[in-house]
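The values are calculated or read from the model by the stated rules, or taken from the named source; none is laboratory data. Just so we're clear, the structure is a prediction, and the values are computed from it rather than from any experiment. Counting neighbours? That spans all protein chains shown, and the Cβs are built from the backbone with ideal geometry, glycine included. Areas reflect the complete protein model, heavy atoms only, side chains present, ligands, DNA and RNA absent. Shrake-Rupley method; radii C 1.70, N 1.55, O 1.52, S 1.80 Å.
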Amino acid sequence: TQLLEQSPQFLSIQEGENLTVYCNSSSVFSSLQWYRQEPGEGPVLLVTVVTGGEVKKLKRLTFQFGDARKDSSLHITAAQPGDTGLYLCAGFNFGNEKLTFGTGTRLTIIP
Amino acid sequence: DTGVSQDPRHKITKRGQNVTFRCDPISEHNRLYWYRQTLGQGPEFLTYFQNEAQLEKSRLLSDRFSAERPKGSFSTLEIQRTEQGDSAMYLCASSLIAGGLGDTQYFGPGTRLTVL
């Protein structure tokens, strides 16, 4: 069974601070996706990383895929209240055909 | 809006009743997935279709659950004899698989089921 552990589970910080969320597994994934989910809504895709060591930037968000394709991180610079939400990582493998979601990180940015 | 849509958005039912949810995927997407998400957890895979064929079912999908995608477009998920443990958000996602490219799944807003 493939498991993805996210840390921290909860994070509450002041507006303007930086933060990093981690997604770790003992399994290798073909690709890894990050989603953000608002209360009562479905997850919205932020990014997909495919290559080991890959770094992708989306405005103030930086995503990195580990060299061994077992882990990933999401770094947010100068957090804003609009960043508040549940952040989910999800791994995908060809031949397995379904997303394995992490445990989630609930982020709250305090104005 | 051409995203994934789900209906209803909320359903409250009494234990023992049957419920049915509908998902309309993004047009031309050949894969459709169902996931279940309980409070504070990440979504868990239930089943998926490629066109009209149901290719995989999770062990989470008991005999009370059935899903269909009769014409390879919209899908329905039915839960018979609902139990309080079925209370969750049921999410639908769709993707386009073409030529071995990676799977990017786009999620609908979900159906929140509450079983009293």
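Every residue, every condition in (1) open to solvent by 20 Å² or more (accessible area, probe 1.4 Å); (2) within 12 Å of chain A (Cβ to nearest Cβ); (3) free of Cβ contacts under 8 Å to residues at least 24 places away in the same chain; (4) among the hydroxyl-bearing types (Ser, Thr, Tyr), yes or no:
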{"position": "B:Cys23", "(1), (2), (3), (4)": "no, yes, no, no"}
{"position": "B:Tyr35", "(1), (2), (3), (4)": "no, yes, no, yes"}
{"position": "B:Gln41", "(1), (2), (3), (4)": "yes, yes, yes, no"}
{"position": "B:Tyr48", "(1), (2), (3), (4)": "no, yes, yes, yes"}
{"position": "B:Lys57", "(1), (2), (3), (4)": "yes, yes, yes, no"}
{"position": "B:Leu60", "(1), (2), (3), (4)": "yes, yes, no, no"}
{"position": "B:Asp63", "(1), (2), (3), (4)": "yes, no, yes, no"}
{"position": "B:Glu68", "(1), (2), (3), (4)": "yes, no, yes, no"}
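Going through the stretch B:66-84 one residue at a time, which ones are at pLDDT 95 or above and not polar (S, T, N, Q)?
Across the stretch B:66-84, the qualifying residues are B:Ala67, B:Glu68, B:Arg69, B:Phe74, B:Leu77, B:Glu78, B:Ile79, B:Arg81, B:Glu83.
Would the stretch B:82-92 turn up any residue that is open to solvent by less than 50 Å² (accessible area, probe 1.4 Å), within 14 Å of chain A (Cβ to nearest Cβ), within 13 Å of the chain's Cα centre (by Cα) and of a type outside the set (A, V, I, L, M, F, W, C)?
For the stretch B:82-92, residues open to solvent by less than 50 Å² (accessible area, probe 1.4 Å), within 14 Å of chain A (Cβ to nearest Cβ), within 13 Å of the chain's Cα centre (by Cα) and of a type outside the set (A, V, I, L, M, F, W, C): present.
Among the candidates A:Val55, A:Val21, A:Val28, single out the residue that is of a type outside the set (Asp, Glu) and open to solvent by less than 40 Å² (accessible area, probe 1.4 Å).
Of the residues listed, the single one that is of a type outside the set (Asp, Glu) and open to solvent by less than 40 Å² (accessible area, probe 1.4 Å) is A:Val21.
Test B:Ser73 against the stated conditions and say whether it is in contact (Cβ under 8 Å) with a residue 12 or more places away in the chain, in a strand (DSSP E or B) and more than 10 Å from every other protein chain (Cβ to nearest Cβ).
Here the answer is no, as B:Ser73 does not meet what is asked.
Taking the criterion of being loosely packed, with under 12 Cβ neighbours inside 10 Å and closer than 24 Å to B:Gly108 by Cβ, would at least one residue in the stretch A:35-46 satisfy it?
First, the residues of the stretch A:35-46 that are loosely packed, with under 12 Cβ neighbours inside 10 Å: A:39-40.
Subset that is closer than 24 Å to B:Gly108 by Cβ: A:39-40.
Yes, the stretch A:35-46 contains at least one residue that is loosely packed, with under 12 Cβ neighbours inside 10 Å and closer than 24 Å to B:Gly108 by Cβ.
Against the condition crowded, with 18+ Cβ neighbours inside 10 Å and in a strand (DSSP E or B), how does A:Gly91 come out, does it pass?
yes
With the requirement that a residue be in a loop (DSSP other than H, G, I, E, B) and within 14 Å of another protein chain (Cβ to nearest Cβ), what does the stretch A:42-86 give you?
A:Gly42, A:Pro43, A:Val50, A:Thr51, A:Glu54, A:Arg69
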